[in-house]
Amino acid sequence: MREIFSRIEDGKIVKIEVVFGAKEYQELNPWLFSVFIKYNSFNDSDDGIDEFFETKEALIIALEHQDQAHFVGNRLVDDWSELYFYAPDSKGLDITTMKILKSSGYVYESSVVKDAKWEFFDFNIFPTELEICIMQSNKIVELLEEEGDNLSIAREVEHYASFDTPTQKDRFVRKALDAGFVFKDDISSEEFDHGVALTKEHSLAEEELLGVIAEIFALIEEERGEYELWSTTLAQELE
């Protein structure tokens, strides 16, 4: 399954496509193969974008044929699309790549290095726990938008956290109250015994929501808990 998210690196927005579940191939694929393809930008025509993605997918299919290499992710940095694969062998990868890209007209470069521990994947492609939470949060926002929610309207939002011990939970709650959150209820379920629901009034506008998530996530992380996302009600402008 592929997912897309963004992160800031050196002051620049980097769009990353990651293949969740890719690490099932780690043991037999110690070679990191990268292909950097120069493209203009996503502001080009739809035809140009479609052509680029067709070329990209053709390369992925060609390299994955008979398990020659496994696609694990794509990073969009400036005018370069960085495609990454892990392979069982370093031989033959450049030849396959040349067959696909030579006639495409794209400028490209490729390299292969040993990375048996998949360190590049872990640190440069796979999302952090906070980034995963943000990805899941974005899906909630998309559902609300489909229902006609006005994201700019502030409303009460419930945020959930779970912990291994009641002591961890209590320490977190004290810190969260100091940060402006309001205690609502203790929660227990089949998944966790020491959960808590807190509320805070804010909009779901991207910058504000991400700020609140980052704030509560840091507090939860201090007590080694898990952020269980948030919920709210629809907010619509009065006519």
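The values are calculated or read from the model by the stated rules, or taken from the named source; none is laboratory data. It should be emphasised that the depicted structure is a prediction, and the values quoted were computed from it without experimental measurement. Every residue, glycine as well, gets a Cβ built from its backbone with ideal geometry; the counts of neighbours run over all protein chains shown.
Within region 86-110, the set of residues being assigned to a strand (DSSP E or B) and exposed (fewer than 12 other Cβ atoms within 10 Å of the Cβ) comprises just one member, Glu109. Restricting Asp10, Asp50 to residues that are at pLDDT below 95, closer than 22 Å to Thr128 by Cα, out of contact with any strand residue (DSSP E or B) (no Cβ under 9 Å at 6 or more places or on another chain) and loosely packed, with under 12 Cβ neighbours inside 10 Å narrows the list to Asp10.
For region 134-152, state whether one or more residues are more than 30 Å from Arg2 (Cβ to Cβ) and not charged (D, E, K, R). Yes, there is a match, as at least one residue in region 134-152 is more than 30 Å from Arg2 (Cβ to Cβ) and not charged (D, E, K, R). When region 65-75 is filtered for residues that are at pLDDT 95 or above and farther than 14 Å from Ile95 by Cβ, the ones remaining, listed by number, are His70, Phe71, Val72, Gly73, Asn74, Arg75.
Does Glu208 satisfy the criteria of being without any contact (Cβ under 8 Å) to a residue 40 or more places away in the chain, under 30 Å from Arg7 (Cα atoms), in the same structural domain as Lys139 (by TED's automatic domain parsing) and outside any strand (DSSP E or B)? I'd like the intermediate steps shown before the answer.
Details: without any contact (Cβ under 8 Å) to a residue 40 or more places away in the chain: yes; under 30 Å from Arg7 (Cα atoms): yes; in the same structural domain as Lys139 (by TED's automatic domain parsing): yes; outside any strand (DSSP E or B): yes.
Yes, satisfied.
Hey, does region 75-85 have a residue that's part of a loop (DSSP other than H, G, I, E, B), loosely packed, with under 11 Cβ neighbours inside 10 Å and over 24 Å from the mean Cα position of the chain (by Cα)? The answer is no; no qualifying residue exists.
For Ile16, the requirement of being without any contact (Cβ under 8 Å) to a residue 40 or more places away in the chain, under 27 Å from Gln136 (Cα atoms), surrounded by 14 or more Cβ atoms within 10 Å (Cβ to Cβ) and in the same structural domain as Lys114 (by TED's automatic domain parsing) is not met. Screening Gly195, Gly225 for residues that are under 19 Å from Glu129 (Cα atoms), free of Cβ contacts under 8 Å to residues at least 40 places away in the same chain and within 26 Å of the chain's Cα centre (by Cα) leaves exactly one candidate, Gly195. Filtered by the rule that a residue be in contact with a helix residue (DSSP H, G or I) (Cβ under 7 Å, 6 or more places away or on another chain), among the β-branched types (Val, Ile, Thr) and within 20 Å of Leu144 (Cβ to Cβ), region 164-219 gives Ile213, Ile216.
Within region 153-189, the set of residues being touching a Ser or Thr at 6+ places or on another chain (Cβ under 8 Å) and at positive phi is empty.
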